[in-house]
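The values are calculated or read from the model by the stated rules, or taken from the named source; none is laboratory data. These numbers were taken from a predicted model, which means no experiment stands behind them. Methodologically, a virtual Cβ is constructed for each residue, glycine included, from the backbone with ideal geometry; neighbour enumeration extends over all protein chains shown. All accessible areas refer to the heavy atoms of the entire protein, side chains included, with ligands and DNA or RNA removed. Shrake-Rupley method; radii C 1.70, N 1.55, O 1.52, S 1.80 Å.
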Amino acid sequence: MFPLTPGDIRLVEQLTRQKNEALAFVGRCEALMADVPEDNPFLGASPMSLRSGREEVVNGFINRIARLLSEHYQCDINTWDLLKDRPHDCDAEAVLTLAVQELKGQSVAEAARDKIRAVLVRCTGRQWTIQGRKVTIPRLLYFQEHFDHRYSLPTGQIDPLINALACWSTGALYADWRLWSLSFPRFPYAPAADWFRAYPTPLTAIESLRYFKNGRVDVTFGTAEQAQDFVAQFGPAAEARPGSKP
């Protein structure tokens with residue numbers, strides 16, 4: 001079985017109860033309509049509508065569980081076969097079993113880490129540099145300059161890096177974006193180079209983040225060993241600058 005957290009187990013149980021209640025209601029309606037002749041001009045189409053309603057309930061349930069797995073565990077599954085083969089009902093175990101198969105023998109954390117790393121490396125596409133406690137990621141971001149020479153960061157660009165830092169720092173598979181969504185350096189806030197001073201990171205073991213107009217991001221960790229460990233887990237091949245301290 002897919003290793004859900006206690007909170008997600010309760011959510012799946014709630015979704016299952018709601019799905020079963022909806023299907024039970026559809027079943028009662030089907031029983032009432034069982035004797036209606038199909039050539040009845042007023043009620044003949046009702047059985048077909050009830051069958052469609054049953055399929056919508058099941059499809060919605062499967063998609064809600066799949067979205068939970070994607071958002072909380074970075075585990076994407078192809079629900080097409082379940083939607084095709086189980087139009088009348090489907091239990092949570094079937095969706096979770098499909099998720100376990102998608103992991104291909106990896107743990108949830110390993111699979112999530114691989115996905116987070118792939119997204120982050122694809123966004124950068126360049127070699128990172130380590131200088132002691134500082135990791136430099138070139139051209140990760142694209143800032144928009146406004147008429148008064150202030151800069152804003154289009155939403156979503158920083159998400160892959162924050163997701164990786166959160167996974168590395170806390171072991172969590174997804175980050176709480178509320179603090180960050182309120183503090184993106186959007187117009188007319190401070191210039192990007194100074195933005196982080198007003199919004200310290202909530203992530204442990206990470207001393208600072210600095211963004212620059214050319215898209216460069218500097219991440220300063222508590223120790224050089226932590227910087228090396230983060231790059232080893234989530235970055236492409238990195239190089240140390242000449243004269244950098246270990």
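In units of the rule-of-thumb radius 2.2 N^0.38 Å, region 6-105 shows an alpha carbon radius of gyration of 1.29. Take the solvent-accessible surface of the protein heavy atoms, probe 1.4 Å, and return the percent of it on region 1-40 that carbon and sulfur atoms account for. It is 57 percent, rounded to a whole number. Within region 71-123, the trypsin sites (Lys or Arg not before Pro) that combine a DSSP coil assignment with at most 16 other C-beta atoms in a 10 angstrom radius are K104.
If we sort 4-15, 225-236 on the protection proxy, mean other Cβ atoms within 10 Å, highest first, what's the order? Write out the running numbers ahead of the final one.
Numbers: 4-15: 13.3, 225-236: 17.5.
Highest mean packing first, the order is 225-236, 4-15.
State the percentage of accessible surface on region 42-126 attributable to carbon and sulfur atoms; use a 1.4 Å probe and exclude ligands, DNA and RNA. About 50 percent, which is the carbon plus sulfur part of the accessible surface.
Can you work out the accessible area per residue across region 6-105, with the rest of the protein chains kept in place, probe 1.4 Å, in square angstrom?
Working: 6240 Å² over 100 residues.
Result: 62 Å² of accessible area for each residue.
Straight-distance candidates among the lysines for linking to K134, with alpha-carbon spacing under 20 Å and chain neighbours fewer than 8 residues away dropped: K213, K245.
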